[in-house]
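To start, the structure itself, in structure tokens.
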Amino acid sequence: MMVKDPCPSCEVYDICGGRCLFVNKQRLWGQEGFDKVCDTVKHMISALQTETSTVRQLMKSGVISVDSFIYPEFNNGCEIIP
Ligand code: SF4
């Protein structure tokens with residue numbers, strides 16, 4: 001199942017991947033709802049990026065294992081927001 005526009009041309013597609021496939025396909029909440037979901041995704045990406053150096057340091061010092069970030073490719077339903 002392919003993700004439709006606007007995801008493939010989104011500036012965070014390489015990170016998000018259009019993960020909320022349910023919203024992408026169903027559009028039950030119209031454009032406004034879709035935009036709100038995207039806002040949450042973009043906010044989370046931004047918040048996580050501010051912690052990148054801290055996380056790298058914790059991994060380097062052995063406090064956090066890289067295995068902690070393994071996420072199953074197929075975990076549950078189609079509504080998966082990263
Ligand atoms: S942020 Fe929204 S538009 Fe961008 S890739 Fe993710 S779901 Fe698609």
Helices (runs of 4 or more DSSP H) within segment 21-68 that include 3 or more residues modelled with pLDDT under 95, aliphatic (A, V, I, L, M) and farther than 15 Å from PRO6 by Cα:
30-49
Hey, among the residues in segment 34-58 that are more than 13 Å from the ligand (Cβ to nearest atom) and hydrophobic (A, V, I, L, M, F, W, C), which one's most open to solvent (accessible area, probe 1.4 Å)?
LEU48
Scanning segment 1-12 for residues that are open to solvent by 80 Å² or more (accessible area, probe 1.4 Å) and closer than 24 Å to TYR71 by Cβ, the one nearest to the chain's Cα centre (by Cα) turns out to be GLU11
Residue ID - nearest to PRO8 (Cα to Cα), chosen from residues in segment 19-33 that are open to solvent by less than 80 Å² (accessible area, probe 1.4 Å) and aliphatic (A, V, I, L, M)
LEU21
Taking interchain pairs and intrachain pairs at least six residues apart, which have beta carbon atoms under 8 angstrom, with the first residue in segment 9-27 and aromatic (Phe, Trp, Tyr) and the second near the ligand (Cβ under 9 Å from one of its atoms)?
TYR13/CYS7
The correct count of residues that are near the ligand (Cβ under 8 Å from one of its atoms) and among the small types (Gly, Ala, Ser) in segment 1-33 is 2
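The values are calculated or read from the model by the stated rules, or taken from the named source; none is laboratory data. Everything numeric here is computed off the predicted structure, so don't read it as measured data. As a convention, Cβ positions derive from the backbone with ideal geometry for all residues, glycine included, and neighbour counts pool all protein chains shown. Calculation scope for accessible area: heavy atoms of the full protein, side chains included, ligands and nucleic acids excluded. Shrake-Rupley method; radii C 1.70, N 1.55, O 1.52, S 1.80 Å.
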